[in-house]
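Below is one structure, written out as structure tokens; the observations come after it.
The values are calculated or read from the model by the stated rules, or taken from the named source; none is laboratory data. Given the structure is predicted, the values throughout are model-derived calculations rather than measurements. Ideal geometry is used to build each Cβ from the backbone, glycine not excepted, and the neighbour counts take in all protein chains shown. With ligands, DNA and RNA removed, areas are computed over all heavy atoms of the protein, side chains included. Shrake-Rupley method; radii C 1.70, N 1.55, O 1.52, S 1.80 Å.
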Amino acid sequence: MDENDTPQLRPYPQHPPKSLDDLSAKLIDNGLSGISRELLERRIEQVGYFRLKGYWYPFLTPVSEQSAKRSLPFRQDVQFKDIWDRYLFDQELRMLVFDGIVTIEIYLKSFLAHELSVFGGEFGYMTREGLPGLSYDDHLACLSSLRSTFTKSNLPYLRHFRSTYSDPLPPYWMIVGCLSYGTLKENFYQGAPDHIKRKLATRLHIFNPNPNPAVRGDAKILSNWLETIRQARNMTAHHDRFWNETSTRIAPKLPKHRSGSHAKGWWGNDWDIFRKSSGPAAFLTMENYLTSQIDGPAWTEKFISLMDGYPQIPKSDMGFPDGWRVSPLWRVDGSAH
């Protein structure tokens, strides 16, 4: 990039801190209704003015017809309840997203611990041959990371292992218990041989068009999905706004559409209504798809219940198209799975 094309940075504009009373008065004076100044002060103290701004931003006045930018004052007849409902919905949504990720993460730990121990022995990760997907340097870094995590863990069974056995590290089925999602993904999933990745994809009904059962699992899509899950896990753990998030970091790669004689029964065509959606809808559909393979409709039913509990939340802002609930990917009658 030419130095003349470098964006010109400028100092952050001064925003002298205001009292809670001043902040609440500012919002009410700019048209926010349906709440007293005292209660608004408590809500700002509870959540933070800047965090709440993300939820009231859509209710502000557009700067111009051509711009998506908005600013105070609020549009006419904006009630604080409208804003607070979105905040509460987003909070419950994040918890449910994390709940689904936990189901997926525990399944990954169980599957990889079993398959990798069968492949290379219970301590197979100690050698590069046991994790052929890792480079020499990556394997060294893996061992260093696992050793550090293991020695710091306070899990009772790992404390027992340290005080009982001379081995520097425990077997797969123990070590996975203290691993973060990121460590599990970067070391044991990435390090696994291709046939284990394809087997995992097949178990989760993630397929490519090849009819050969040995290679039918689509590890490329699976790898992408596991990364978007990592991103969403971080977002939910750090309480980032999720319900209308448009970042591509949580946009999963979708299986390709097929036509003609090859289209019958092709799972990829079920995703067609989500190909142009923005927001978290595609991610939530992917999460629903995976949890359905692992645990049946349990997560689906909780998600539908949450959506029904907030009918005032615009589903289109989440990226959900018309008819999404009756699509094969969201039906809970078992026909999609």
key: Label point distance in nm, Tyr12-Arg162, each placed 7 Å from Cα along Cα→Cβ   = 3.9 nm
message = If DNA, RNA and ligands are ignored and the probe is 1.4 Å, what is the ranking of Trp173, Trp56, Trp84 by accessible area, most exposed first?
response = Trp173, Trp84, Trp56
Rounded to 10°, Cα long-axis angle of helix 194-203 versus longest principal axis of the chain = 60 degrees
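Can you figure out the FRET efficiency of Ser247 with Ile106, using R₀ = 30 Å and their beta-carbon distance, to the nearest 0.05?
For Ser247 and Ile106, the calculated efficiency is 0.70.
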ask   = What do you reckon, how do Glu65, Glu45, Glu115 stack up by accessible area (1.4 Å probe), largest on top?
value = Glu65, Glu45, Glu115
request  = Please give the helix 37-47 orientation as an angle from the longest Cα principal axis of the chain, in degrees from 0 to 90, rounded to the nearest 10.
outcome  = 20 degrees
message = So I have (1) 179; (2) 225; (3) 123, and one of them is volume of the Cα convex hull per residue in Å³ calculated from this model. Which one is it?
response = (2)
request  = Mind ranking Leu329, Leu155 by accessible surface for me, highest first, 1.4 Å probe?
outcome  = Leu155, Leu329
inquiry  = Between 0 and 90 degrees, rounded to the nearest ten: what's the tilt of helix 20-29 against the longest Cα principal axis of the chain?
reply    = 60 degrees
query = With each label point set 7 Å from Cα along the Cα-Cβ vector, what nm distance links Ser316 and Leu140?
reply = 5.7 nm
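With charges only on Cβ, +1 for K and R and -1 for D and E, what is the dipole size of the chain about its Cα centre, in debye, rounded to 20? Spell out each step's value before the answer.
On the way: 41 positive and 38 negative charges, 76 e Å.
Computed about the Cα centre, the dipole is about 360 debye.
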ask   = Okay, helix-only estimate at 222 nm for the chain: each DSSP H run of n ≥ 4 adds -39500 (n - 2.57), divide by all residues, round to 500 deg cm²/dmol; what do you get?
value = -15000 deg cm²/dmol
query = R0 = 45 Å: FRET efficiency of Asp194 with Lys276, Cβ-based, nearest 0.05?
reply = 0.90
query = At Gln231 and Ile304, where each label point lies 7 Å from the Cα along Cα→Cβ, what is the point-to-point distance in nanometres?
reply = 2.9 nm
ask   = What part of the accessible area of the chain, given as a whole %, is carbon or sulfur when the probe is 1.4 angstrom?
value = 51 percent
